[in-house]
Every structure is written in structure tokens, then in C-alpha cells.
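Please read the structure below before turning to the comments.
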Amino acid sequence: ARQQELPGLVSDHIDRSLRLFERAGQVTPRLEPLWVRGRLARARAEHERARDVFEDCLRLARDVGRFEYQERALSGLVDLAKDAGNLREVDEHLATWASLTSPSESWPLAREHAARLLADDRAEQALAFLAGHTPKRAGDQAQWRGMLAVTYLRTGDLISARREVQALGTEAGEFNALARAALAMAEGTPETVRALLADSDQRARWSPQGQVEAASLMGESWLASGQPAQALPYLASALDEARRKAGSVQDQAGSIVG
């Protein structure tokens with residue numbers, strides 16, 4: 001019940017905040033409620049509205065010279081473009097982002113650039129890039145290691161992938177869970193994949209791309225266990241979503257989840 005009520009409460013708070021700041025003639029404080037509004041719209045799958053809100057947030061952040069909200073807005077626009085499978089738009093937003101800062105100074109930008117290399121099946125280049133862009137903040141280390149693990153898997157280096165996964169510990173999170181599950185699949189332990197991805201409520205909160213990858217891994221795990229009937233619903237749902245993405249892609253240069 002709380003999960004059903006929360007979006008409405010958040011939306012009400014955002015509207016009240018923006019009205020108050022407008023009446024008070026305050027500009028900069030509007031950035032955070034705008035950014036949250038964009039995130040809420042994306043969570044509700046209101047993609048056009050989310051794009052409009054993030055663009056408003058970006059314009060306002062430029063006007064008042066607040067880099068952190070320019071970065072947050074651009075990150076939101078990149079996520080929306082990835083949700084739609086629009087790699088050309090991803091590249092445009094990353095180019096704008098790179099005009100504001102460098103991957104050495106911004107781990108979020110470095111992360112998205114590495115992800116873009118992986119989307120183009122350039123795992124060796126992604127690995128070299130990640131090795132040269134260790135995040136400065138301790139809080140970003142787990143995500144960096146998770147990306148290293150996935151990239152090592154793509155290059156076929158299971159030993160290095162295992163090393164990075166073990167360094168992650170048991171920290172929760174979409175990317176880390178998928179990294180551990182992908183490694184388990186590559187090492188031939190499908191039951192571990194299912195244990196890692198068993199929580200359907202958790203998977204439902206992940207990004208569209210993460211949900212497709214999780215469904216693919218679950219299907220592969222059941223197939224590897226000799227149970228195709230169990231595999232079929234997962235693989236069918238992953239394929240349906242991949243086809244939906246393929247239908248909206250404007251630039252076919254990158255990969256769609258197979």
C-alpha cells in the first residue's frame with residue numbers, strides 16, 4: 001500500500017516545493033525537485049515527460065551555473081536514451097557531458113563511456129579505459145569493480161572476473177547482482193544464477209536493460225539445467241523486450257541483448 005501511495009506523495013511534495021520557490025523568487029532551489037520529478041517520471045515509464053523535465057533541469061542548471069545538476073540531468077537523459085535503445089541519442093548526451101568535464105574527474109561519465117564501448121562489443125577497449133579511470137570516491141569503487149568483472153567476462157577472462165566479483169563482497173545492487181550472475185553462468189553453476197536473481201520484486205525495480213539481462217540469465221540457467229519448459233517464459237519475455245527495443249532503435253551500430 002505504501003509503494004502505491006508513495007509516487008503520489010512525492011509528486012505532491014515536488015509541486016508544492018516548486019510553487020513555494022517560485023513565489024519566493026528562488027531559482028537554484030528548483031533544481032532538486034525538478035530532477036526528482038524526472039526520476040519519478042522515468043520510474044513510472046513516462047518517458048516523454050521525463051525527457052522534458054530533465055531537459056528543463058539541464059537548462060536551469062546551465063543558467064545558474066550548477067555543474068552537479070547539469071551532470072544529474074544529463075545522466076537522466078542518457079538513461080532514457082538507453083531505455084529506448086537509442087544509441088545515437090546516448091552519444092549526443094555523452095558528448096555534451098564530456099564538454100563539461102572529463103572522465104578522469106567524473107566517474108558517472110567514465111562509467112557511461114565504458115558502458116557505451118561494451119554496447120559496441122569493444123570489450124578490450126572498455127577494459128583499458130576502465131583500468132585507466134579508477135574512481136576517486138570510495139563509494140564508487142564497488143560499481144567500478146562490477147563493471148570490470150562484466151568486462152573481463154566479455155573478454156573471456158574468468159579468473160580476473162572472479163577476482164573482481166570477490167572484491168565486491170555482498171553489496172546489493174542491480175549491476176553487481178548481474179555481474180555475479182553472469183560469472184556464475186560462465187562458470188557453469190546455473191543454480192547460483194537462480195539464487196542471485198530469484199527475487200522477482202527486486203528485479204522489477206531494476207532498469208529495463210537490467211530486467212532483460214536478468215530474464216536472459218534466468219532462462220539460460222534453466223536451459224543449462226535441462227529444463228527448457230522453465231526457461232521458455234524468461235527467454236520469451238527477454239526476446240519480446242529486445243524486439244521492442246530494436247523497433248525503436250535509430251542507430252543500429254550497437255548491440256541489442258541477444
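The values are calculated or read from the model by the stated rules, or taken from the named source; none is laboratory data. If you're wondering where the values come from, they're calculated on a predicted model, not measured in any experiment. Heads up, the Cβs are rebuilt from the backbone with ideal geometry, glycines too, and the neighbour counts pull from every protein chain shown. Keep in mind that these areas ignore ligands, DNA and RNA; they rest on the heavy atoms of the full protein, side chains included. Shrake-Rupley method; radii C 1.70, N 1.55, O 1.52, S 1.80 Å.
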Checklist entry - Under the rule of -39500 (n - 2.57) per DSSP H run of 4 or more residues, summed and divided by the residues of the chain, what mean residue ellipticity at 222 nm is obtained, to the nearest 500 deg cm²/dmol? => result -24000 deg cm²/dmol
Item to check | Helix 174-186 axis, angle to the chain major axis (alpha carbon atoms, nearest 10°) | outcome: 10
Next on the checklist: Largest first, please: the extent of the C-alpha atoms of the chain along each principal axis, to the nearest Å.
Outcome noted: 64, 44, 37
Item to check | Under the Karplus curve 6.51 cos²θ - 1.76 cosθ + 1.60, θ = phi - 60°, whole-Hz ³J(HN,Hα) for the stretch 199-214, x wherever Gly or Pro sits | outcome: 7, 5, 5, 5, 4, 5, 8, 7, 5, x, 4, x, 5, 5, 5, 5
Checklist outcome for this item: Measuring from its Cα centre, the chain shows a charge dipole (+1 at each Lys and Arg Cβ, -1 at each Asp and Glu Cβ) which, in debye to the nearest 20, is 420
Checklist outcome for this item: Whole-Hz Karplus couplings 3J(HN,Hα) for the stretch 103-116, θ = phi - 60° and coefficients 6.51, -1.76, 1.60, Gly and Pro as x, run x, 5, 9, 10, 4, x, 5, 4, 4, 5, 5, 5, 5, 5
Checklist outcome for this item: With the label point 7 Å along the Cα-to-beta-carbon line of ARG137 and a cut-off under 12 Å to each amide N, the hits in the stretch 83-109 are 106-109
Item to check | Karplus-derived HN-Hα couplings along the stretch 143-156 (A = 6.51, B = -1.76, C = 1.60, θ = phi - 60°), whole Hz, x at Gly and Pro | outcome: 5, 4, 5, x, 5, 4, 4, 5, 5, 4, 4, 5, 8, x
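With contacts defined as alpha carbon pairs under 8 Å and 6 or more residues apart, what's the relative contact order of the stretch 33-92 in percent?
Numbers: 55 pairs, mean separation 17.4, N = 60.
Averaging sequence separation for qualifying contacts and normalising by length gives 29 percent for the stretch 33-92.
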Checklist entry - Over the chain, what percent of the accessible surface lies on carbon and sulfur atoms, probe 1.4 Å? => result 50
